[in-house]
């Protein structure tokens, strides 16, 4: 499988009034052709910041280091013009808030056509026709009529479909979906996930799926990267990760999620004790050590690196026994 | 949408009726016999009787009010007690000057205010923002009639760049007309420009941190499209509202500006009428201003709904 | 008795808030310079009879058109030899007088109406018709009408400006009342059976105080500018009493000969309104919890 997106040692820091804060620490990821990689973690673990940094979408206060290669082209340090020509064309985004991510004063058709006109130089009419096709592609009924609607006339699920239509308008190589279903009702979520799955199959788009919802991961992902406190702590193929989590944090995360067939009487949901460390702290240790039930002396003395291989884990004392399902 | 418009129309009509009553009662509240006041210096019994006749001052208040309204509705606002000229004609002659001055001032203020506001928001925390903020604060604080005096003193008299006073009708000499009006329009527009700038800056800051701006950036649009199209379009809605709200201040400012630059407009008519105790003219001027204010605000509301689709098209989601 | 408890909890955040606001204001050099200018203006205006080097209306025809710096006439004299500095000091008196009187008028009428409009839904529409009506008469037109009916005077100018400012006060107090009404401590007081007058006077008004103060700091300079305009047009203070506006309209005739007589009063008005606007801005920023972001 060809690697489409290759992220190596990506670090992001923010300049603030209280000094420099680290938000992402040496994150490395790979996404293959038409592969869905899920990046999972709690709020504030750095997964969204990593996603935004890929195409240079962070504010001026952010400093990004490391390497992001899209089809072999380096994006970190690329000039603004190059980045603009890649955004929306090679690498497209879908955001969490469909209610506010569309501009309220333009029709959805206009907003989709804008991408086509900017990147492909389609005429007004051609862009509009293509917008209708795209709306059909993402499953919006009576697309010919809806193309002239304003965002406030559409429901949340429909708006998120419009966002997806906009994102795939130029047939991008990678689609970055940042919590695409979090703000939606559960019944609507399934529909959006279906659209993403179908796009991957029909267009061969690679997807980076940022989420904290393990249900969504199980539903859509091929591979999973688990992030904890700015770092990737484990990556594996999805079934492998769910059945044999090696990092104690991953195991804890799975234990904290409800699963089918388990009863509340016999299987209590477990919480992970303690709090996520604040961003400013940079101890020379495993960031999870304080909360880890399996912590050893080594864990507070030096930090673990990811092991090589298909199932990679950054832990001095990984879980070896499979989780009973 | 239609219900909203009908509601607005109805409100405007109610306000207009109330305003008419206020003006009517105001004139009856003139000290002493209104006929004496209306007669001015011409106080022989014969003309007093004529005035009583003309204004129906011996009728009941209700009849008088009806007379007043029905005359006004037919465009008959009475005669000036100084010149005997029809007040309607006097206003019709003066109004175009004021309208042109105000429209120019709004244009100048919008261009300067929106431009400076966008710069201040985009160049956040840089010298450009600081300068724009300071200018806006000055624009709010400087008395514009004094600024007008200074402009005449230094730009017109000392440097001879602009005519210090006077007016040429647009259709006689368009260039001369603009030459005469550009300085007054700039002066009248300063305060409005400052208000527009501050509002544009704050609504641009809101817009720039909005999710849809992040979307526009993620789409790979140029900064010009992101700022000029996506952010500004949303901010302009606020600017239209401001112009509507500031209309009263603009009308007041126009009166003073015309006085300073000796423009033969509505403001000059008003001030002259007060000093000549020309009550029919005062009454008409107040009534016409109120009606114009109400009408323009109705138009602003319509314009508002044209710019903002959330008002124009009701959501069916 | 339960009601007093609620009052205490409502009052506490208000007090700590006040200290924080003062601290934020004192950290802002711009706010401090604004306050200094305001203090100076108030001192000059209040103590003008003792501080002014000359009587403001006293003419010195032999000293007409003395330029600034002339011995005894620091800022020069006008066409009648009247001392510009003395007239500015007395003019500041008139400006502050009208500024405060107009704003007091607008608050006295606007605050109760705003509270009622926000609190009682039934009369909201009625009050908003009233607001529309007042807005239909721009302040200058109102002043023209008042001058026609009652004659031109400083007091009538203040009333005209005050009336014109009522809609702004109503709008701000109304929206603040609506906001406060939905807060828990007010809802709690209502649930506990507190009367409308009690809720409005004890819970809503004290907490709306900060927005009213900010509105006043914006309205006072506007009223001062309004007074200058009306006096300039001859619709305000009557000569020979000095006002910054009448000084400017006098100076207009001989501005080319004695520019200082036209420049100085204008600078005085500008500094005064600028100081008010700067203080108002920093007060609003200090009260705004989002201010650190902006």
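Listing for the model above:
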{"read-out": "Equivalent ellipsoid semi-axes - Cα gyration tensor, the stretch B:182-310, angstrom", "value": "40, 16, 9"}
{"read-out": "Difference of contour (0.36 nm per residue) and Cα-Cα distance, residue C:32 to residue C:57", "value": "5.6 nm"}
{"read-out": "Max mean-square fluctuation residue, GNM over chain A, Cα-Cα springs under 10 Å, options A:95, A:288, A:14", "value": "A:14"}
{"read-out": "Residue C:150 paired with residue C:108, simple spin-label distance in nm, labels 7 Å along Cα-to-beta-carbon", "value": "1.0"}
{"read-out": "Residues A:80, A:173 arranged by fewest to most Cβ contacts within 10 Å", "value": "A:80, A:173"}
{"read-out": "Residues of the stretch B:286-305 with amide N under 12 Å of the 7 Å Cα→Cβ point at residue B:95", "value": "B:287-293, B:295-296"}
{"read-out": "The stretch A:25-89-the stretch C:238-270 distance, computed between alpha-carbon centres (Å)", "value": "64"}
{"read-out": "Gyration tensor verdict on chain B (Cα atoms; rounded if a/c is under 1.5, prolate if a/b is larger than b/c, oblate otherwise)", "value": "oblate"}
{"read-out": "Theoretical FRET efficiency, 1/(1+(r/R0)^6), r = Cβ-Cβ of residue C:129 and residue B:53, R0 35 Å, to 0.05", "value": "0.50"}
{"read-out": "Cα-derived Rg over Rh, computed across the protein assembly as shown with Rh taken as Kirkwood radius", "value": "1.06"}
{"read-out": "Which of A:299, A:45 has the fewest Cβ neighbours within 10 Å, and the rest in rising order", "value": "A:299, A:45"}
{"read-out": "Inter-centroid distance (Cα atoms) of the stretch B:237-265 relative to the stretch B:100-155, Å", "value": "15"}
{"read-out": "Stretch gain in nm, segment residue A:14-residue A:69, where the contour uses 0.36 nm per residue and the Cα spacing is subtracted", "value": "17.6 nm"}
{"read-out": "Degrees separating the helix C:29-46 axis from the principal Cα axis of chain C, which is the longest one", "value": "60"}
{"read-out": "Label-point separation in nm, residue B:302 to residue C:253, each point 7 Å along Cα→Cβ", "value": "4.8"}
{"read-out": "Over the stretch A:107-157: Kirkwood hydrodynamic radius from C-alpha pairwise inverse distances, Å", "value": "10.9"}
{"read-out": "Anisotropy class of the stretch C:201-294 from Cα gyration tensor, a/c 1.5 cut", "value": "oblate"}
{"read-out": "Relative intensity, log₁₀ I(q)/I(0), of the stretch C:24-287 from a Debye sum that treats every alpha carbon as a point, q = 0.07, 0.15, 0.17 Å⁻¹", "value": "-0.31, -1.06, -1.22"}
{"read-out": "Rough spin-label spacing in nm, given labels placed 7 Å along Cα→Cβ, for residue B:74 and residue B:158", "value": "5.7"}
{"read-out": "Cα-based shape type of the stretch C:221-273, given that a ≥ b ≥ c are square roots of the gyration tensor eigenvalues and the cut on a/c is 1.5", "value": "oblate"}
{"read-out": "Expected-Rg normalisation [2.2 N^0.38 Å, Cα atoms] applied to the stretch C:31-110", "value": "1.33"}
{"read-out": "Distribution of pairwise C-alpha distances over the stretch B:87-274, 10 Å bins, in %", "value": "9, 32, 29, 18, 9, 2, 0"}
{"read-out": "Max mean-square fluctuation residue, GNM over chain A, Cα-Cα springs under 10 Å, options A:111, A:96, A:153", "value": "A:153"}
{"read-out": "With eigenvalues of the C-alpha gyration tensor scaled by 5 and rooted, chain A, Å", "value": "36, 23, 17"}
{"read-out": "Relative contact order (%) - chain A, alpha-carbon pairs under 8 angstrom, separation at least six", "value": "20"}
{"read-out": "Residue among A:202, A:146, A:89 with the largest mean-square fluctuation in a Gaussian network model of chain A, springs linking Cα atoms under 10 Å", "value": "A:202"}
{"read-out": "Ellipticity estimate at 222 nm from DSSP helix runs (n ≥ 4, -39,500 (n - 2.57)) divided over chain B, nearest 500", "value": "-24500 deg cm²/dmol"}
{"read-out": "Linear extension gain, residue B:131 paired with residue B:28, 0.36 nm per residue minus alpha-carbon span", "value": "31.9 nm"}
{"read-out": "Principal axes of the stretch C:148-237: Cα extent on each, largest first, Å", "value": "56, 24, 15"}
{"read-out": "Cα long-axis angle, helix A:156-167 against chain A (0 to 90 degrees, to the nearest 10)", "value": "80"}
{"read-out": "Calculated FRET efficiency for the pair residue C:197/residue B:111, C-beta based, R₀ 45 Å, to 0.05", "value": "0.35"}
{"read-out": "Scaled radius of gyration (Cα, divided by 2.2 N^0.38 Å) that the stretch A:40-121 gives", "value": "1.24"}
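No value in this document is a laboratory result; all are computed from the given coordinates. All of these numbers come straight from a predicted model, not from anything done at the bench. All Cβ positions, even for glycine, are placed from backbone atoms using ideal geometry, and neighbour counts span all protein chains on display.
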